[in-house]
Ligand SMILES: Cc1ncc(COP(=O)(O)O)c(C=O)c1O
């Protein structure tokens, strides 16, 4: 991965710091970034927090405050914080295997696992691939099951021309270093729902009612609790996951070139998949509308020798990779979950298990040159052919 925080971003920071005596804690820059992000995405409200993991946590906490206790359907392939958010809120994660073409949840399995206890489907769009269909969104709507989209790895990806993160009730983004847009650390919770928005604003800041945007909400609390001063009414047991003005300044500067950067990332993925040997590697990903920050590399067959040879060749060439693709593969194999589940439950999801053992991701970034993508493909194809001969 290369550094996506450029001289322009640093200059924006220097300009901001050099004018007057700027407020540095959450203030007008954060608000402006939220408004610009909402406009870019096409939603009514956005709340900037200090990480994607915090966006996940606040989202599930707000879900529970609104709809109560129950189950949340989650992927077996996702980042750890999607599942730990559910655990931290004492809700029950229900797992679903992946669809190998999108690396997202197998949507038919999701529908089968919905019960009267289901409070939400928390889907992750993995590494830029769209994980939903219009039929699926409509089916959830008909069954009155809220859809939450984790778009942390897929800023700018679309379905039928509309951005992912606008189909669900709520969506989450991460602005960590490697992602399409980076604020160093940062995340966003997005929604069209006014009530949800107000709760997220309070949860971000100690549960304080003065954080609500709506004067009506603030007044309701003040009237209900006349023994408390309106400055200090804590409505929810919450956290402080605010960001700073500095991170928002970087985000606003980055947003100006996000679409142009995404075009380069999309072209790089196409080049990568077009030049990989489809006899050795899975190349049939659902790329319609996709927008990634990393290349997905999955072996067609279960071949331990080839897998190990790839890792050795990449390491020797100084090319960074992650095994298991997003979040280290099958989450059910991770110690934090193994403790909570039956010992062999991880093996009940064969498709994610294949990606766990035979899948990787390799960084893709806007200034990655065509020649280097082609060299990477040549290297991978040669390792594959070498293994076939031996
Ligand atoms: C799908 C997904 N959700 C959540 C997160 C958490 O984001 P952060 O690293 O900003 O906490 C990530 C991180 O990369 C992610 O990939």
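Results, tabulated for the structure shown:
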| quantity | calculated |
| --- | --- |
| Ranking of 234, 360 by count of other Cβ atoms within 10 Å, fewest first | 234, 360 |
| Cβ crowding within 10 Å averaged over residues, with 361-368, 127-134 ranked highest first | 127-134, 361-368 |
| Contour minus Cα-Cα distance for residue 387 and residue 158 (0.36 nm per residue) | 78.7 nm |
| Debye equation applied to the C-alpha atoms of segment 167-283, log10 I(q)/I(0) at 0.12, 0.17, 0.21, 0.22 Å⁻¹ | -0.64, -0.95, -1.16, -1.20 |
| Spin-label model distance (nm) - residue 101 vs residue 286, 7 Å beyond Cα toward Cβ | 0.7 nm |
| Principal-axis tilt of helix 370-389 within the chain, Cα atoms, nearest 10 degrees | 50 degrees |
| 0 to 90° range, to nearest 10: angle between helix 215-224 axis and the chain longest Cα axis | 60 degrees |
| Extension reserve of the residue 336-residue 39 stretch, reckoned as 0.36 nm per residue once the Cα distance is removed | 103.2 nm |
| Whole-angstrom gap from segment 142-188 to segment 296-373, using each part's C-alpha centre | 22 Å |
| Coarse-grained scattering of segment 290-390 at q = 0.20, 0.21 Å⁻¹, given as base-10 log I(q)/I(0) from a Debye sum over alpha-carbon atoms | -1.05, -1.11 |
| Column: log10 I(q)/I(0), Debye, Cα scatterers of the chain, q = 0.11, 0.14 Å⁻¹ | -0.80, -1.23 |
| The chain: calculated mean residue ellipticity at 222 nm from DSSP helix runs of at least 4, using -39500 (n - 2.57) | -13500 deg cm²/dmol |
| Fraction of antiparallel bridges per DSSP, the chain only, in percent to nearest 5 | 60 percent |
| Highest-MSF residue in the chain out of 225, 236, 176 [GNM, Cα springs under 10 Å] | 225 |
| R0 of 25 Å, Cβ-Cβ distance residue 309-residue 378: FRET efficiency to nearest 0.05 | 0.95 |
| Cα long-axis angle, helix 7-18 against the chain (0 to 90 degrees, to the nearest 10) | 20 degrees |
| Gain upon complete extension [residue 256, residue 223; 0.36 nm per residue less C-alpha separation] | 7.6 nm |
| Segment 9-137: radius of gyration over Cα atoms, expressed as a fraction of 2.2 N^0.38 Å | 1.31 |
| Footprinting exposure proxy for 119, 264 (fewest neighbouring C-beta atoms within 10 Å first) | 264, 119 |
| Relative contact order computed over segment 7-255 (Cα-Cα under 8 Å; 6+ residues apart), in percent | 25 percent |
| Shape metrics for segment 81-184, restricted to C-alpha atoms - Rg then Dmax, Å | 13.5, 40 |
| Approximate spin-label separation residue 274-residue 344, in nm, with each point projected 7 Å along Cα-to-Cβ | 4.7 nm |
| Computed FRET value (nearest 0.05) for residue 317 with residue 6, which takes r as the C-beta separation and R₀ as 25 Å | 0.45 |
| DSSP-defined beta bridges in segment 109-252 - what % are antiparallel, rounded to 5 | 55 percent |
| Between segment 86-128 and segment 216-284, the alpha-carbon center distance in angstrom | 21 Å |
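Values quoted throughout were computed directly from the atomic coordinates according to the rules given, and no laboratory measurement underlies them. Note that the structure is a prediction, hence the values are computed from the model and not measured. Positions of Cβ are generated from backbone atoms using ideal geometry, with glycine treated the same way; all protein chains shown enter the neighbour counts.
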